[in-house]
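The values are calculated or read from the model by the stated rules, or taken from the named source; none is laboratory data. Keep in mind that what you see is a predicted model, and the values were worked out from it rather than measured. Positions of Cβ are generated from backbone atoms using ideal geometry, with glycine treated the same way; all protein chains shown enter the neighbour counts.
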Amino acid sequence: MLLLLAMLVAPLADRAESVSEVVVRFHSRVPLGSEEFLLSPAKADLILLASVESSRFEGWERVGEPPRAVLREANGSPVKLYPRRLSFRVSANIVAKQQDTQTPLPVNAAQGPEEYISGLSFRLKIFHALNQTAVSPTVQQMMGVPADIAANRRIYRITFDLPEVAIEDRVVLEVLAPNGERVMKFHVDLL
């Protein structure tokens, strides 16, 4: 009798182990992280914080762990494409040096810190296999304090209209210095 019970329960246990669990449940705003760097020769510490927004993200679920993770819509159907429009929020902050942090990445700039963070620009790069596509913003606006008023923080809202982009493709927001050089990048890592 015990042998029969064990034979009946074993397939159920195997099936329970194979059912993937939800690892991440997304909302419309997804944090992308932060980066710190040291502006030279001004010796000013800058921190950039970034997030991406789309109402389509609300309720998405990442099931399983990479590299076998899958993304599902709120209704359970698989996500195949990125939303056609992505909006990013980037906050550029001049901060006091933190005593217990690692030495930030040095970045040379002719401008002072306030002028530097007021002159940032952005582009999106999409990587599909060995091909890459650069996308310029549809809208880039500075929120909060106007650019002609000195401030130690600038908040940008940057919107991109995307071509058809498979969810498996890599999408990267690049932050460009006032001289056009890339200083930071933030990966939109949904899978």
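In summary, strands (runs of 3 or more DSSP E) completely within the range 55-168 and bearing 3 or more residues that are farther than 29 Å from Glu36 by Cβ occur at 70-72. Within the range 38-70, the residues that satisfy the criterion of being surrounded by 14 or more Cβ atoms within 10 Å (Cβ to Cβ), touching a Pro at 6+ places or on another chain (Cβ under 7 Å) and not charged (D, E, K, R) are Leu38, Leu39, Ala42, Ala44, Leu46, Ser51, Ser54. Within the range 76-103, which residues are β-branched (Val, Ile, Thr) and either at pLDDT 95 or above or in contact with a Lys or Arg (Cβ under 8 Å, 6 or more places away or on another chain) (or both)? Residues satisfying the conditions are Val79, Val90, Ile94. Is it the case that the range 101-110 has a residue that's surrounded by fewer than 15 Cβ atoms within 10 Å (Cβ to Cβ), closer than 19 Å to Val183 by Cα, in contact (Cβ under 8 Å) with a residue 24 or more places away in the chain and of a type in the set (Gly, Ala, Ser)? Yes, the conditions are met somewhere in the range 101-110.
Counting the residues of the range 113-146 that are surrounded by 14 or more Cβ atoms within 10 Å (Cβ to Cβ) and more than 20 Å from the chain's Cα centre (by Cα) gives 7.
In the set (1) surrounded by 15 or more Cβ atoms within 10 Å (Cβ to Cβ); (2) of a type outside the set (Gly, Ala, Ser); (3) closer than 29 Å to Arg153 by Cβ; (4) touching a strand residue (DSSP E or B) at 6+ places or on another chain (Cβ under 7 Å), the condition left unmet by Pro83 is number (4).
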